[in-house]
Amino acid sequence: FAYHNQYHKAFSDSESLAIAKKYWLSVLENYLPTQIVQAAKALIRSQEYLPSVAAILRACEQGTDLFGLPSAREAYLEACSAPSPKREHQWSHEAVYYAGKSAGWFLLANESESTTFPLFEYHYAKLCRLVMNGEQLDIEQPDALPDKIEVKLDKDETRARIARMKKDLGL
């Protein structure tokens, strides 16, 4: 209820409200709407008064923290040090896994940081924007192979397939 009173005191007429809206829009135009909303929610939980433009900007600049995303540097270090199989690792966020996958696990493991970090950072930034726009990332788990093969080929079909494989391999 305090916000309601503060709002009406700060913007008592439509002209001052219009000026304030234009100013806020110009200051926040580089941020995603979901990022602004998350920043505002975080500030409202921790402050008694209406957040200022400066406070909203600081919260938006933290950006990735609002969505549970590590910094690009932390994500890079996690991706480089994660053990195989990568899908089974407990990632701090799914975006780290997908950024590592997009950059290439082999490249991350075998090239220098000066080569791989910019590539990883590019992919990670794209994924962070998707997450901040509300997209859910899930690491797909492959289906397990069956314990035994249910359908067996007859002997003639088996011989035909072996002959085809030998021909394909030049044996």
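The values are calculated or read from the model by the stated rules, or taken from the named source; none is laboratory data. As the structure is a prediction and not an experimental result, all values here were calculated from the model. Backbone-built Cβ (ideal geometry, glycine too); neighbour counts: all protein chains shown.
Of all residues in segment 105-131, those being of a type outside the set (Lys, Arg) and closer than 28 Å to LEU32 by Cα number 14.
Charged (D, E, K, R) and under 21 Å from CYS128 (Cβ atoms): does that describe GLU29? Taking the combined requirement at face value, the residue satisfies it.
Could you please let me know if GLN38 is surrounded by 13 or more Cβ atoms within 10 Å (Cβ to Cβ), polar (S, T, N, Q) and either under 19 Å from the mean Cα position of the chain (by Cα) or part of a helix (DSSP H, G or I) (or both)? So GLN38 passes the test.
For segment 42-79: of the residues being among the hydroxyl-bearing types (Ser, Thr, Tyr) and assigned to a helix (DSSP H, G or I), which is surrounded by the fewest Cβ atoms within 10 Å (Cβ to Cβ)? So, considering only residues that are among the hydroxyl-bearing types (Ser, Thr, Tyr) and assigned to a helix (DSSP H, G or I), the one surrounded by the fewest Cβ atoms within 10 Å (Cβ to Cβ) is SER46.
Among the residues of segment 79-104, what is the count of those that are charged (D, E, K, R) and closer than 21 Å to THR34 by Cα? Full working, then the answer.
Filtering segment 79-104 down to residues charged (D, E, K, R) leaves 86-88, 94, 101.
So of that shortlist, the ones also closer than 21 Å to THR34 by Cα come out as 94.
Count: 1.
In segment 1-17, the residues that are closer than 17 Å to ARG45 by Cβ and at pLDDT below 80 form no Cβ pair under 6 Å with any partner that is loosely packed, with under 10 Cβ neighbours inside 10 Å and among the aliphatic types (A, V, I, L, M), whether six or more places apart or across chains.
In the list SER12, SER92, which residue meets the criterion of being outside any helix (DSSP H, G or I), polar (S, T, N, Q), surrounded by fewer than 17 Cβ atoms within 10 Å (Cβ to Cβ) and touching a helix residue (DSSP H, G or I) at 6+ places or on another chain (Cβ under 8 Å)? Steps first, please.
On the way: SER12 fails: touching a helix residue (DSSP H, G or I) at 6+ places or on another chain (Cβ under 8 Å).
Checking each option against the conditions leaves just SER92.
When PRO146 is tested against the conditions (1) farther than 30 Å from LEU77 by Cα; (2) outside any loop (DSSP other than H, G, I, E, B), the lone failure is (2).
Exactly one residue out of GLY100, GLY104 is surrounded by 14 or more Cβ atoms within 10 Å (Cβ to Cβ) and over 26 Å from GLN62 (Cα atoms), and it is GLY104.
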